[in-house]
Amino acid sequence: MKDTLAGFIDNVGLADAFNVQHDDPHKARKPLLDGIRRMRDQFAARNSDTSRAANRWWQIKNGVLAMTVKIGGETLQINGATTNHLPVDRFEEFLEKFEQAVDSGAFDDELKAKGIGRARTQQPSNGKSKIIDTRIGGRHPSNDREDWDDLTWAQRQQIGAYYRAGKNPDGTVIAKVGYRPDAPLAD
């Protein structure tokens, strides 16, 4: 009787299909929208004593603003160019239109091509199936951390810095306690 059940069960192909997480355009847009908001805040604070900002996507020279948007370690082309130039006095207006375009999905194809918001599979109990971000390589918190897509840009940077220093996100040394990408982020 048990043998008749085997015709219904496919623990290889259907298990993989069950575990796939489909592309989420809202997750794909989040890093770019966060970057636009960060640009807006940095631009508003440019005349204060915090005129320099780490990893800023723009700079001003001679009344012209040059902007290079980086997502996932790669440059995003806008209007066919990696660096775009515009008058300083139109930058805030540009950011508003840029944010609207991203929200409406105008950059979804470019983000998908860069692997942002990519479909990932969950690690099943047999450990067989997992889609890995080949731009980064095998073991890296961006591949292994379950909540990576929900983290802020600053949190991702902090986790990456810990990993480059040979530490887990909680500050423990990987060589001593093992690799724990889902450890809570140290304060």
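The values are calculated or read from the model by the stated rules, or taken from the named source; none is laboratory data. This is a predicted model, so every value here is computed, not measured. No Cβ is skipped: glycine too gets one built from the backbone with ideal geometry, and neighbour counts run over all protein chains shown. Accessible surface areas use protein heavy atoms only, side chains included; no ligands, DNA or RNA. Shrake-Rupley method; radii C 1.70, N 1.55, O 1.52, S 1.80 Å.
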Say R0 is 30 Å: what FRET efficiency, to the nearest 0.05, do LYS61 and GLU96 get from their beta-carbon distance?
-> 0.85
Distance (nanometres) between label positions extended 7 Å along Cα→Cβ at LEU14 and GLU146 | 2.5 nm
A chain fully extended from ALA161 to VAL173 at 0.36 nm per residue, minus the present Cα-Cα distance, gains in nm 3.0 nm
GLU92, GLU99, reordered so the largest accessible area comes first (probe 1.4 Å) | GLU92, GLU99
Chain lengthening between THR75 and LYS112 when straightened (0.36 nm per residue, less Cα-Cα) | 12.0 nm
Between LEU5 and ALA186, what length in nm is gained on full extension when 0.36 nm per residue of separation is reduced by their alpha carbon distance?
-> 60.2 nm
